[in-house]
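Contents: one structure, followed by commentary.
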Amino acid sequence: MNIRRIDTRILLFFSIILLIAIVSFAIQFFRHVDCDDVKYYILSDHSQSEEPIEFYDRTHNAKSWKWDFGDGSTADVRRHTFHTYKNPGKYIVTLTINGECTHTRELILKDKYLLDKLGTPQIITSKTITVGQPTYFSSISPEAKTWEWGFGEGRGIIENSSNPVYTFTSSGEKTITLVINGDFSRVAKKVIYVHPKVIKKTNPLDVTSYVYEKNAESFSLPRGSVKKDPLEDMLQYVPVAPKTKTQKDSIENIKKAPKISEDQFEILLNKVAEGSKVKDDFTDFLCEDLEIPVVKNDKDLLTFAQLCSSIKGKKIKIESIRLNKDKTTNCVKGLSINYKVKKYMIWVKD
């Protein structure tokens, strides 16, 4: 009886130890975070100072977070939060998940008031401008990288150099316009007057051959009955010329794509891989062109539609993505992407 009691107690003791080990293993398994599969996003509309920037994490099994924004401010421990940087510059954002996984990302912010400091560019030209003679133009704008000139003769934007030379074909008032760096919110304007071409006299006036005007009575006609002017009837059938579209109208009528950041584009591509989104959900951002070129993993060239088809149903991890946008329409015209897919518990290049 004593031996049987001792055996039972020993068996019960080892059973309890085994149960504790199984429970501990299960807790560690379900709380484990794959540090190579961390998914967090930094969303910003303009990437500038004094703008609320969104920070969001979607890492599986994440239980605690610590955001270090890199500007000396207090760390934030929420999963989804917002932070505003007071000054422009380069910041290193650090996220620590469950106290063990640490990831960093560089954030570059522009000066919100840079455009106000630069002001609207100034247009410089000569004081006297004549039809048929070349006229030189220039501008004062230290930060200018691109120029779009219009010379007020109904031809739209026709020059893209910093110091253009233009020859006017008609006289009168002309409105010169200049757009710097594609910023149509700050269009420089200057009204000038173009003088008609001066015709020089070829022969001196011969006063002796001048014929003086005759008296008015010499040109008088006999009075007759009052008749209707035929011009009144003709004017009823003269078509009215349509209103010419101005440069401002053409700019306003350009259809622009909705704004989307690279992080937001990455979220949508992950949803395509999960199956909750399809390529047609990108139509507005791509201006209805789903065949834009895509450079995959720095070596493969394919279309956007082929990219969506290749990642559908796969578990992917996007390492980097870069969008190529049209400055005027904001349409995405191409992109380069580097990502891995999970095969047999290992992340490999697709």
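The values are calculated or read from the model by the stated rules, or taken from the named source; none is laboratory data. Quick caveat: nothing in here was measured; it's all calculated off a predicted structure. Every residue, glycine among them, receives a Cβ derived from its backbone with ideal geometry; neighbour counts consider all protein chains shown. Accessible surface is based on the protein model in full, side chains and every heavy atom, while ligands, DNA and RNA are left aside. Shrake-Rupley method; radii C 1.70, N 1.55, O 1.52, S 1.80 Å.
Here is a yes/no grid of residues against (1) open to solvent by less than 80 Å² (accessible area, probe 1.4 Å); (2) at pLDDT 90 or above; (3) outside any loop (DSSP other than H, G, I, E, B):
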position	(1), (2), (3)
Tyr237	no, no, no
Val240	no, no, no
Asp249	yes, no, yes
Ala257	yes, no, no
Ile260	yes, no, no
Asp298	no, no, no
Leu302	yes, no, yes
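Give the range 286-296 a look and list any residue that's closer than 27 Å to Lys343 by Cα and surrounded by 15 or more Cβ atoms within 10 Å (Cβ to Cβ), or say none.
Val294, Val295, Lys296 - these are the residues of the range 286-296 that are closer than 27 Å to Lys343 by Cα and surrounded by 15 or more Cβ atoms within 10 Å (Cβ to Cβ).
Any residue in the range 112-140 that is open to solvent by 30 Å² or more (accessible area, probe 1.4 Å) sitting within a Cβ distance under 6 Å of a residue that is of a type in the set (Asp, Glu) and at pLDDT below 75? List the pairs, counting only those 6 or more apart or interchain.
Once the first residue is open to solvent by 30 Å² or more (accessible area, probe 1.4 Å) and sits in the range 112-140, its partners that are of a type in the set (Asp, Glu) and at pLDDT below 75 give Leu118/Glu143.
Could you tell me which residue of the range 308-324 is surrounded by the fewest Cβ atoms within 10 Å (Cβ to Cβ), considering only residues that are polar (S, T, N, Q) and under 20 Å from Lys343 (Cα atoms)?
Of everything passing the filter in the range 308-324, Ser320 is surrounded by the fewest Cβ atoms within 10 Å (Cβ to Cβ).
Here's the yes/no breakdown for (1) under 26 Å from Ile267 (Cβ atoms); (2) among the small types (Gly, Ala, Ser); (3) at pLDDT 80 or above; (4) assigned to a strand (DSSP E or B):
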{"position": "Arg4", "(1), (2), (3), (4)": "no, no, no, no"}
{"position": "Ala26", "(1), (2), (3), (4)": "no, yes, no, no"}
{"position": "Phe30", "(1), (2), (3), (4)": "yes, no, no, no"}
{"position": "His46", "(1), (2), (3), (4)": "yes, no, no, no"}
{"position": "Phe82", "(1), (2), (3), (4)": "yes, no, yes, yes"}
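Note down all Cβ pairs under 6 Å where the first residue falls in the range 165-182 and is touching a residue at least 12 places away in the same chain (Cβ under 8 Å), the second is part of a strand (DSSP E or B) and of a type in the set (Ser, Thr, Tyr), and they're at least six residues apart or on different chains.
Matching pairs, first to second residue: Val165/Tyr136; Tyr166/Thr135; Glu173/Tyr193; Leu178/Ser139.
Among the numbered criteria (1) surrounded by fewer than 11 Cβ atoms within 10 Å (Cβ to Cβ); (2) modelled with pLDDT under 85, which one does Gly72 miss?
(2)
In this structure, does Thr283 turn out to be over 18 Å from Lys343 (Cβ atoms), hydroxyl-bearing (Ser, Thr, Tyr) and surrounded by 15 or more Cβ atoms within 10 Å (Cβ to Cβ)?
Criteria not met by Thr283.
Can Leu290 be described as modelled with pLDDT under 90 and in a strand (DSSP E or B)? I'd like the intermediate steps shown before the answer.
Values: modelled with pLDDT under 90: yes; in a strand (DSSP E or B): no.
It is false that Leu290 is modelled with pLDDT under 90 and in a strand (DSSP E or B).
Here is a list: Ser170, Ser161. Which entry is modelled with pLDDT under 85 and more than 24 Å from Gln48 (Cα to Cα)?
The unique qualifying residue is Ser161.
Would you mind stating whether Lys342 is surrounded by fewer than 17 Cβ atoms within 10 Å (Cβ to Cβ), in a strand (DSSP E or B) and modelled with pLDDT under 90?
Yes, satisfied.
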